[in-house]
Structures are given as C-alpha cells and as structure tokens.
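Report on one structure; see the data block that follows.
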Amino acid sequence: MSNTMIINGEEYVRASAVAPATRVIVVVDRGWIFAGDVTDEGDRIYLDNAVWVFGWESVGFSKICSDPSKADLRKMDQRVDIPRGSEIFRVPVSETWGRDV
C-alpha cells in the first residue's frame, strides 16, 4: 500500500505515515505552559529539554509559537512530568524552538 497519492497533480501523504512532532508547546490546566521534546507514556506526558513559558508581552500566543524570542522562557533543569488529564492542548513547534535559553 502506498503512503502517497496524486490528486490534480498534487502529491499527498497519508497522515499516519507522517511522524508526529517531537517538540511541542503544552498548555496545562491552571495556566502552566511548557515546551519540550514530548514523550507520551500511559497516563503521563514527559517533556525533555524543557522550558517554562513564563510569559510574553505585546504579541499573542500564536506569535510566540512561531517566534520564541517574544516570550520569557525559563530553562527547566529536570524532565517535566505532566498528568495526561491536565493537558488542555498542545502545539507542534520547530525542533529548535526555545533551545537557546
């Protein structure tokens, strides 16, 4: 079975054939926001190489998703462990997002 198809000259890739993003911003209940390399294991979400998105000014959330320099990021010295039920949503970001903190 092929993972691609061509429709009207455009090639499309089967969604299940695309690797999920490994670096994400996770918005957690109570207003916490973290970013990192995500691993989902059972009822836990783990973030390695994580940063805490402490805040931002003069731009909206969508802008910090594309430009982390607009946010106040604070490096986490340990792996972040989040209960799955606490996740509000996550946004895939580039593999370099927030790594220069």
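Read the figures in this text as sums done on the coordinates, not as results from a lab. No experiment lies behind these values; they were computed from the predicted model shown. Ideal geometry is used to build each Cβ from the backbone, glycine not excepted, and the neighbour counts take in all protein chains shown.
What's the longest piece of the chain with no exposed trypsin sites (Lys or Arg not before Pro), counting a site as exposed if DSSP puts it in a loop and it has at most 13 other beta carbons within 10 Å? Before the final figure, lay out the partial values.
Numbers: sites that count: ARG14, ARG79.
It runs 15-78.
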Relative contact order for the chain, counting Cα pairs under 8 Å that sit 6 or more residues apart, in percent: 29 percent
Spin-label pair SER66/GLU10, simplified geometry with 7 Å Cα→Cβ offset, distance in nm: 1.9 nm
Excluding exposed DSSP-loop GluC sites (Glu not before Pro) (at most 15 other C-beta within 10 Å), longest clean stretch of the chain: 1-56
P(r), alpha carbons of segment 12-101 - 10 Å bins starting at zero, rounded %: 17, 50, 27, 6, 0
Gain in span if fully extended, ARG74 to ASP40, counting 0.36 nm per residue against the direct Cα distance: 10.0 nm
Which of TRP32, TRP97, TRP56 has the fewest Cβ neighbours within 10 Å, and the rest in rising order: TRP32, TRP56, TRP97
Karplus (6.51, -1.76, 1.60) ³J(HN,Hα), θ = phi - 60°, over segment 94-99, in Hz, Gly and Pro reported as x: 5, 4, 9, 4, x, 6
In Hz, Karplus ³J(HN,Hα) per residue of segment 4-10 (6.51, -1.76, 1.60; θ = phi - 60°; x = Gly, Pro): 10, 8, 10, 10, 6, x, 9
